[in-house]
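Got a structure here, written out as structure tokens. Questions coming.
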Amino acid sequence: MPHGLVGVIAIFLGFWGLFMNWWAFTEILLGLVPLILILSGTVAIIAGVKLVREGKSEGKKEGKKAKKAEDSLPQFSNMAVAKSTPGSIVGYRNFKIITKTKETHNVSSFYLQPEDGEALTPFLPGQYLTFQLNVPDQDKPVVRCYSLSSGSTNLDSYRVTIKRQEAPHDLGDVPPGKGSNFFHDHLNEGDVVTAKPPKGNFYLDMEATTPIVLIAGGVGMTPMLSMLESVIAEKQEREIWFLMGVRNKKEYIMREELEALASQNKNVHLKVFFSKPGIEDFKDKDYDFSERISVKRLKKLLPSNNFDYYICAPSSMIDEIRKDLEKWEVPKNQIHYESFGQATIKKAVQPKPVPEEKSVQINFSKSSKTIAWKDSYDSLLDLAEDNGIEIESGCRTGSCGSCEVACTSGSVIYLDEPDYEPEKGNCLACVSIPKGNISLDA
């Protein structure tokens, strides 16, 4: 209690002193203001510097985390993949055929939308879809690749344009194309097909501005049309020469669409080549030149050789044009190509080689499996699939590079000279067999 009384007296005396000497107290406070401002400013500067340092440190940590996360993703050194979106899906996916359109007597287009209603995976113009088809009377699904013929900016649906592959008359008992005939004879609007997201190494660089020459041989026009539509949709002013080569008017695929695109865009130059014009085919109306596409003609059409050249055609046509372009001093990095053809035909062109050793073992290091080679297998890819070992595949003719796999020991024999050149130490599983004992990184 005495302590409380003393406290009350002290407070009373303090307030009385302030009241009696308030002018002196005010002067003291005014004198302290500059000192308080200096101290406050110093504290603020120190705090600011500390925050900046902490921000940089945190940024470095986040950067390391992001780099670590990026490094943990699969690296695709050879396979171009379009930028993903929330709708991107990996692996096989079901698509409903919403429209089937007959383009010519043996070519039809199929418009596809995802059965799950989710967004389409974006793609680069020139890429393809890999289908898994349940063809009747086949022991296992038939895998085939077909180029997308629609522009890459139209993500309402995919369009694949497929030519029916008849049995060749000059190659004995080689059967007709299993995949193409299944599409034409068994698939209709409302049916569902299974396909992987778009991929492929043959595609147009949409960020470039260089002039381009698109050379199409027959149904090879499908990726070329995708490239053309994509450039036009992006309103690019790139100079485009589209060279279409077919035998006659009956094989002129999507003529109306091509002619409309050329007439509506001054930067597009369409030239049509008929190698065997029919009696109802008229020059300057149906076609421009009654000859095959050649570099000799290109020299007369183009102002210079300074173009990027994209070619999709049969292998023989590509080989001839590519060699002549190189003779014309076109740099190799400006020549891009992809061949096509029925897989069974390519296999039948020459006798199948056999391993040099009698007993051959194939080791698949990632799968921890070692399997004996049998002559009944058509390729290393065939052996892998038959034994549940997953190797990416696409064209199955050595053209796309999808099945490229590291060969860590041993070597292979190619069934046919592949169009795609794998990196040193790698092989293409779809068109090769083991030379002897071999180890693959699969």
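Can you give the local net charge around F131? Use residues other than it whose beta-carbon is closer than 10 angstrom to its beta-carbon, Lys and Arg +1, Asp and Glu -1.
With Lys, Arg at +1 and Asp, Glu at -1, the neighbours total +2.
For the range 197-259, state which trypsin sites (Lys or Arg not before Pro) are in a DSSP loop and have at most 12 other beta carbons lying within 10 Å of their beta carbon.
When the trypsin sites (Lys or Arg not before Pro) of the range 197-259 are filtered for loop state and at most 12 Cβ neighbours within 10 Å, K235 remain.
Here is a further query. Using a Förster radius of 51 Å, what is the FRET efficiency between K250 and K369 based on their Cβ-Cβ separation? Nearest 0.05, please.
That gives a FRET efficiency of 0.55.
Separate question: Between D205 and L301, how high is the FRET efficiency from 1/(1 + (r/R0)^6) when r is the Cβ-Cβ distance and R₀ = 22 Å? Nearest 0.05.
Step by step, r from the Cβ atoms, then E = 0.45.
Set the Förster radius R0 to 35 Å, insert the Cβ-Cβ distance between H269 and E329 as r into 1/(1 + (r/R0)^6), and round the FRET efficiency to 0.05.
Working from the Cβ atoms, E equals 0.95.
Structure shown: which of K102/K332; K178/K235; K102/K199; K140/K332 lie over 28 Å apart, alpha-carbon to alpha-carbon?
Those over the limit are K102/K332; K178/K235; K140/K332.
Also, I was wondering about something else. Mind checking the dipole of the range 350-440: about its Cα centre, +1 per Lys or Arg Cβ, -1 per Asp or Glu Cβ, Debye to the nearest 20?
360 debye
Length gain on complete extension for the stretch I279 to Q113, per 0.36 nm per residue less the alpha carbon to alpha carbon distance?
55.7 nm
Another question about this same structure. So if I place +1 on the C-beta of Lys and Arg and -1 on the C-beta of Asp and Glu, and nothing else carries charge, what would the dipole magnitude of the range 93-195 be about its Cα centre? I want it in debye, nearest 20.
Here the range 93-195 has a charge dipole of around 200 debye.
While we're on this one: Dipole of the range 136-282, Cα-centred, from +1 at each Lys and Arg C-beta and -1 at each Asp and Glu C-beta, to the nearest 20 debye?
Here the size comes out at about 220 debye.
Give me the distance in nm between label points sitting 7 Å out from Cα along the Cα-to-Cβ direction at E417 and S316, one decimal.
1.5 nm
Around F274, under 14 Å between beta carbons, what's the net of Lys plus Arg minus Asp minus Glu among the other residues?
+3
A further question on this structure: What do you get for GluC sites (Glu not before Pro) in the range 376-420 restricted to DSSP loop and a cutoff of at most 14 other Cβ within 10 Å of the site's Cβ?
E390
Bear in mind these aren't lab numbers, they're just calculated from the coordinates by the rules spelled out. Only a predicted model underlies this, so the values are computations on that prediction, with no experimental measurement involved. With ideal geometry, Cβ positions are generated from the backbone for all residues, glycine too; neighbour counts draw on all protein chains shown.
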